[in-house]
Amino acid sequence: MKPYLVLATYKPSRWNAQRVGEDLCALTAERGLIPHLDIAHGPLTKVPWYDILRHAEVRRRSFRTKMAEGWHYDGDTTPGSQPNCAIVLWASNNPTQIQFRYPVLDTGEGYQAYADSIKTWQPKPYEVVIFRNLGCLHRRPADVPRIRWVFRQRVAIPTTMELP
């Protein structure tokens with residue numbers, strides 16, 4: 001089973017960062033998703049479109065940072081961040097890779113032991129997906145083309161849908 005749900009397939013009628021952001025925020029609102037407010041780790045603000053209250057952003061170009069290519073949780077290196085949320089992602093090409101470690105047992109002390117089985121998935125281009133931030137690691141695939149439209153929104157973990 002994939003560690004994410006596909007909410008929709010979205011192909012913009014117009015390639016415009018604001019249009020993409022508004023369309024996808026409308027889609028998440030229609031699904032009953034509530035923006036996750038995290039003052040310490042909000043949306044990126046040096047991108048073509050962002051909305052702090054909806055905790056959403058649209059990028060048109062890939063950043064050339066090695067940190068984004070490493071497996072991570074959103075907020076894992078930001079002091080005071082609140083990473084217990086879900087992430088909605090969409091990309092025009094080379095979507096974000098999502099990795100899941102299969103739990104073996106709960107030790108009863110808040111720790112889980114993991115199997116050696118780690119699987120990586122990559123949604124199809126234009127799929128709008130949602131997953132638990134702390135349930136999966138994710139990364140930008142290495143050597144992606146510079147032009148890559150990406151939407152990211154952090155939302156409260158939904159109670160209306162069951163995330164893997």
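The values are calculated or read from the model by the stated rules, or taken from the named source; none is laboratory data. Just so it is clear, the model here is predicted, and its values are computed rather than measured. Using ideal geometry, Cβ is built from the backbone for each residue, glycine included, and neighbour counts are taken over all protein chains shown.
Annotations
- Of everything in region 118-164 that is part of a loop (DSSP other than H, G, I, E, B) and acidic (Asp, Glu), the residue that is nearest to Lys46 (Cα to Cα) is Asp143.
- When Leu33, Leu27 are screened for being in contact (Cβ under 8 Å) with a residue 24 or more places away in the chain, under 19 Å from Phe131 (Cβ atoms) and part of a helix (DSSP H, G or I), only Leu27 passes.
- Scanning region 1-18 for any residue that is part of a loop (DSSP other than H, G, I, E, B), in contact with a Gly (Cβ under 7 Å, 6 or more places away or on another chain) and within 22 Å of Gly75 (Cβ to Cβ) turns up at least one such residue.
- Scanning region 72-98 for residues that are at pLDDT 90 or above, out of contact with any Pro (no Cβ under 8 Å at 6 or more places or on another chain) and surrounded by 14 or more Cβ atoms within 10 Å (Cβ to Cβ) turns up Ser81, Gln82, Pro83, Asn84, Cys85, Ile87, Val88, Trp90.
- Arg54 meets the conditions (1) closer than 23 Å to Phe100 by Cα; (2) crowded, with 16+ Cβ neighbours inside 10 Å; (3) charged (D, E, K, R) in every case but one. The failed one is (1).
- Of all residues assigned to region 19-34, at least one qualifies as being farther than 20 Å from Tyr126 by Cα and modelled with pLDDT of 95 or more.
Matching residues to (1) over 17 Å from Arg154 (Cβ atoms); (2) surrounded by fewer than 13 Cβ atoms within 10 Å (Cβ to Cβ); (3) of a type in the set (Gly, Ala, Ser); (4) out of contact with any strand residue (DSSP E or B) (no Cβ under 7 Å at 6 or more places or on another chain):
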| position | (1), (2), (3), (4) |
| --- | --- |
| Met1 | yes, yes, no, yes |
| Val6 | yes, yes, no, no |
| Tyr10 | yes, no, no, no |
| Gly21 | no, no, yes, no |
| Trp49 | no, no, no, no |
| Ser62 | yes, no, yes, no |
